[in-house]
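The structure appears below as structure tokens.
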Amino acid sequence: QVQLVESGGGLVQAGGSLRLSCAASGSILMTKSMGWYRQAPGNQRELVARIGRSGDTYYADSVKGRSTISRNSAGNTVSLQINSLKPEDTAVYYCNLNKMGTVYWGQGTQVTVSS
């Protein structure tokens, strides 16, 4: 079993920055990737950024160039830094871990960007 605990959400002014962190515990051996999704009211959950086992990264166009996803050396914590925040970044952000085809989710953390 895998547990994911997110931190770092909150209220931020437009143009500001925030850093989300996700700590994974449990059986995380053979993790394929970890990443962040977000879901705004009335919208589907969408992939924001992902980092693979080998360190390869993916960013959604909406955050590309102003965000960085990283992982600690132990491989059990992934962080997402988003700069130049926009009101449209407002959403609940979910940590995601993909392990051998099984997907785990964190409980979500609210990010609100005020204009």
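The values are calculated or read from the model by the stated rules, or taken from the named source; none is laboratory data. These numbers were taken from a predicted model, which means no experiment stands behind them. Virtual Cβ from ideal backbone geometry, glycine too; neighbours counted across all protein chains shown. Side chains included, ligands, DNA and RNA excluded: accessible areas come from the protein's heavy atoms. Shrake-Rupley method; radii C 1.70, N 1.55, O 1.52, S 1.80 Å.
In table form, for the structure just shown:
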quantity: LEU85 vs. criteria surrounded by 17 or more Cβ atoms within 10 Å (Cβ to Cβ), of a type in the set (A, V, I, L, M, F, W, C) and in contact with a Leu (Cβ under 6 Å, 6 or more places away or on another chain); calculated: no
quantity: Hits in the range 58-78 - residues which are touching a residue at least 12 places away in the same chain (Cβ under 8 Å), in a loop (DSSP other than H, G, I, E, B) and under 17 Å from GLU46 (Cβ atoms); calculated: ALA60, SER62, VAL63, ARG66
quantity: Total residues in the range 47-72, condition more than 15 Å from LYS32 (Cα to Cα), open to solvent by 80 Å² or more (accessible area, probe 1.4 Å) and polar (S, T, N, Q); calculated: 0
quantity: Filtered residues of the range 88-106 (kept if surrounded by 13 or more Cβ atoms within 10 Å (Cβ to Cβ), assigned to a strand (DSSP E or B) and of a type in the set (Ser, Thr, Tyr)); calculated: TYR93, TYR94, TYR104
quantity: In the range 73-82, residue surrounded by the most Cβ atoms within 10 Å (Cβ to Cβ) [restricted to those that are closer than 17 Å to GLN3 by Cα and of a type outside the set (Ser, Thr, Tyr)]; calculated: VAL78
quantity: Output for the range 23-46, where each listed residue is among the hydrophobic types (A, V, I, L, M, F, W, C), modelled with pLDDT of 95 or more and surrounded by 15 or more Cβ atoms within 10 Å (Cβ to Cβ); calculated: ALA23, ALA24, MET34, TRP36
quantity: Where SER115 falls short, out of the listed (1) touching a helix residue (DSSP H, G or I) at 6+ places or on another chain (Cβ under 8 Å); (2) at pLDDT 95 or above; calculated: (2)
